[in-house]
Amino acid sequence: MKVELKNLEKSAKEVTVTIPGKVMDDALESEIKKIAKKAKIRGFRPGKAPLAVVRQEYGANAYNLASERVIQDAVTSSLQSEDISYVSRPEVTDLQRNEDNDLVLKYTVDTFPEVTPEIYKGFELERERYEVTDKDVEEAIGRILEQRAEFSAVQREARTGDEVVIDFKGKIDGEYFEGGTAERFKLVLGSGQFIPGFEPQLEGMTIGQEKVIDVSFPDDYHAESLKGKAAQFEVTLHEVNEKVTPVLTDELAKEVSRDREVAGADEFRQLIRKDIEEYMDSESKRKFREQIAQKLMDSNAFDVPESMIQDQARRIAGNILMQYVQSIPDEQTFRQQMERLAPAYSDMAEKQVRTSVLLHAVAKLESIDASEEDMEKAIAEEATRAQASVEDTRKRLNAQALESIKANIIEDKVVDFIGANSSVTEKTVTKEDLERQREEVNA
């Protein structure tokens, strides 16, 4: 068997395999004999028809089966003999006999990009160090306590943040409209639950008071018949309930810390501070990695097979859908939705693929690998996250999962290596800085 390679665009290869004619002839004869053992041909007992008759009756079917087997064997053998790291399903483009009666097979396949990074050291980088303040801790605790808040009846005017209980009847052009009426409706003022302009006009009302509120439905309102329409609501206020947020005590701290035992409020504050610090540290690492990834991509251009990008986009879409898997009825629907969502993540997928290829290329150049100790540590961390034993976690992880863990370890070590061989400026940032950055990104 003779194999020839031709490089195409975007890391694709065209592989030409010349298969001796005898290989195809032997495969065809083998298929004829298999069919002959079970063939039911008129005038002969099952399996007793002469090969010549079987060949005449089932020749085309036997040829297709033989061709399929020979092609599959040739593709597998050529990929192995030429040590081709393929990332897509091989696609046969041509199959014919030459003048020597040999079978000439041509197929194309996307291969893992062969890239040798030339620039991966000496970058100018910035690493953010987050300063966690007492205010950050108290705000985080405040959000936790807010979930424990309860509403208590008060005898005063309604204010923003209060829960009010109202009756309302809506009119458009003097006529009550469908869906515009409710009794004992609970509404938190300032929540934005109702149409714009409605809630502010309830502020200052007292229990038992009646009022007519003028509003206009937004032009983009979901109900077509109400879009942009002016309306009047007849409102009666029945209750005003004030939100009461509990104060953090030792007992409440023990309760809200759940399975993470604390002695009291002070220890709970320390726990929250640690949580924030760990989150901020992970954010710092993520941004630092993104900087390095961008520097690598800007400094080392190479082609990426479209199939790799599409596969990664599907993985991203699949991971997002897994958050809603309980609302997806079956695997077929899941795959359909994944295929529909995947194109929206192609840019993100391409960046992730390029980053991974470059990081592993640097790892190869610098002989960076994941040690057995690295793997054991990663498995132990996974066990902690899953709240399972290390042994059970090790049994649960299949070969593909272990390979993914190994790849992540290598990439993290390469990021550390590049950081250690670059000029890194430390920058201290606060929560306010982060919020300002988010506003700029979303602007």
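No value in this document is a laboratory result; all are computed from the given coordinates. The shown structure was predicted, so the numbers you read here are calculated from the model rather than taken from an experiment. Cβ: placed from backbone, ideal geometry, glycine included. Neighbour counts: every protein chain shown.
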**Message:** Between (1) 28.5; (2) 37.6; (3) 23.5, which entry matches mean projected area of the Cα convex hull in nm² as derived from the coordinates of this structure?
**Reply:** (2)
**Prompt:** Which order do His238, His222 fall in if you start with the one that has the fewest other Cβ atoms within 10 Å?
**Reply:** His222, His238
**Prompt:** Using the Karplus equation 6.51 cos²θ - 1.76 cosθ + 1.60 (θ = phi - 60°), what ³J(HN,Hα) coupling, rounded to whole Hz, does each residue of the stretch 234-243 give in order, writing x for Gly and Pro?
**Reply:** 8, 10, 10, 8, 9, 9, 10, 10, 8, 6
**Asked** Given DSSP loops and a limit of at most 10 other Cβ atoms within 10 Å, what is the longest stretch of the chain that contains no such GluC sites (Glu not before Pro)?
**Response** 262-443
**Message:** I need the phi-derived Karplus couplings for the stretch 245-250: 6.51 cos²θ - 1.76 cosθ + 1.60, θ = phi - 60°, integer Hz, Gly and Pro marked x.
**Reply:** 8, x, 8, 6, 10, 4
**the chain - mean residue ellipticity at 222 nm from DSSP helices (-39,500 (n - 2.57) per run, n ≥ 4, rounded to 500)** = -15500 deg cm²/dmol
**Request:** State the extension gain, in nm to one decimal, for the chain segment bounded by Ile84 and Glu234, taking 0.36 nm per residue of separation less the distance between their alpha-carbons.
**Result:** 46.5 nm
**Message:** Could you tell me the relative contact order of the stretch 2-110? Use alpha-carbon pairs under 8 Å, at least six residues apart, and round to a whole percent.
**Reply:** 35 percent
**Asked** If amide H atoms are built 1.01 Å from N in the plane of the peptide, which residues on other chains or at least 5 residues away come under 5 Å of the amide H of Glu239?
**Response** Val165
**Relative contact order [Cα under 8 Å, 6+ residues apart], the stretch 263-442, whole percent** = 22 percent
**Asked** When the Karplus curve 6.51 cos²θ - 1.76 cosθ + 1.60 is applied with θ = phi - 60°, which whole-Hz ³J(HN,Hα) does each residue of the stretch 212-219 get, with x for Gly and Pro?
**Response** 9, 10, 9, 9, 10, 5, x, 5
**Request:** Report, by chain and number, residues whose modeled amide H sits under 5 Å from the one on Ser422, excluding near sequence neighbours (fewer than 5 apart, same chain).
**Result:** Gly122
**Complete:** Heads up, the stretch 117-194 by the C-alpha gyration tensor (a ≥ b ≥ c square roots of eigenvalues; a/c under 1.5 rounded, else a/b over b/c prolate, else oblate) looks oblate
**Complete:** the chain, Gaussian network, Cα under 10 Å: of Ala361, Ala27, Ala52, the residue fluctuating most is Ala52
**Prompt:** Excluding same-chain residues fewer than 8 positions from Lys135, which lysines have a Cα within less than 26 Å of its Cα?
**Reply:** Lys243, Lys254, Lys274, Lys285, Lys287, Lys427, Lys431
**Rel. contact order, % - alpha carbon contacts under 8 angstrom, at least six apart, the chain** = 17 percent
**Prompt:** So which residue, out of Val240, Val15, Val362, gets the largest mean-square fluctuation from a GNM of the chain using Cα contacts under 10 Å as springs?
**Reply:** Val240
**Item:** R0 of 35 Å, Cβ-Cβ distance Val247-Ser284: FRET efficiency to nearest 0.05
**Value:** 0.60
**Asked** Label-point separation (nm) for Glu439 and Met322, each offset 7 Å from Cα along Cα-to-Cβ?
**Response** 3.6 nm
**Item:** 16 Å Cα-Cα reach of Lys377 towards lysines, excluding residues that sit fewer than 8 places from it in its own chain
**Value:** Lys395, Lys406, Lys413
**Fill in**
When Leu248, Leu359 are ranked with the fewest other C-beta atoms within 10 Å first, the list becomes Leu248, Leu359
**Item:** Cα-projected label distance for Ser77 with Asn408, points at 7 Å along beta-carbon direction, nm
**Value:** 4.1 nm
**Message:** Under 5 Å between amide hydrogens, which residues at least 5 positions from Phe112 or on another chain qualify, with H placed 1.01 Å from N in the peptide plane?
**Reply:** Ser85, Tyr86, Val87
